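Have a look at the structure below before the remarks.
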Amino acid sequence: MGASDSRLGDIQDESGVATQTRTRVARPKRYKVLLYNDDYTSMEFVTHVLERIFGKSPSEATAIMLAVHRAGQGVAGVYILEVAETKVARVHQLAEKRGFPLRAGLEDE
């Protein structure tokens, strides 16, 4: 980072010495992508979605799928808004293509 970085500002203290201060850039808000249980979508398909769209290992995907099955919903991942929205849309597209009513949604982290 150079002196021209917009996050740096020159400040002169009482002795006349110029110092630079850094301002923190806020981290983007993150959102949980949730999968919701239904009576028609197969467990195998939910596991497939978790592996393909969310990059989960087979064991992680199975654990999340079981949480969805038992609790009615489960967290597939946590992402910034744009990525989370894209993942939700991909879940809906793939489910529709395969004839399943699987639904996904977003929730603040």
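Which length gain, in nm to one decimal place, applies between VAL83 and LEU66 when the Cα-Cα distance is subtracted from 0.36 nm times their residue separation? Walk me through the intermediate numbers first.
Values: separation 17, 0.36 × 17 = 6.12 nm, distance 2.41 nm.
Contour length minus the Cα-Cα distance gives 3.7 nm.
For ASP108 and HIS48, the FRET efficiency from 1/(1 + (r/R0)^6), where r spans their Cβ atoms and R0 equals 30 Å, is about 0.65.
Tell me whether region 58-98 comes out rounded, prolate or oblate; compute the Cα gyration tensor, take square roots of the eigenvalues as a ≥ b ≥ c, and use a/c under 1.5 as the rounded threshold.
Details: a/c = 2.03, a/b = 1.35, b/c = 1.51.
The shape class here is oblate.
The smallest convex shape that holds all Cα atoms of the chain, its convex hull, gives 138 Å³ per residue.
Remind me, relative contact order of the chain in percent, using alpha carbon pairs under 8 angstrom and six or more residues apart? The partial results should precede the final answer.
Values: 145 pairs, mean separation 37.8, N = 109.
Computed value for the chain: 35 percent relative contact order.
Ordering GLY72, LEU35, PRO101 by Cα displacement along the dipole of the chain toward the positive end leaves PRO101 in first place; charges were set at the Cβ atoms of Lys, Arg (+1) and Asp, Glu (-1). Placing unit charges on the Cβ atoms only, positive for Lys and Arg and negative for Asp and Glu, gives the chain a dipole magnitude near 320 debye about its Cα centre.
In this simple spin-label approximation, VAL75 and ALA18 carry label points 7 Å from Cα along the Cα→Cβ vector, and these lie 4.6 nm apart.
Angle of helix 43-52 to the longest C-alpha principal axis of the chain, folded into 0 to 90 degrees and rounded to 10: 30°.
We did not get these values from a lab; they are worked out from the coordinates using the rules stated. Bear in mind that the values here come from a model prediction, so they are computed numbers and not experimental data. All Cβ positions, even for glycine, are placed from backbone atoms using ideal geometry, and neighbour counts span all protein chains on display.
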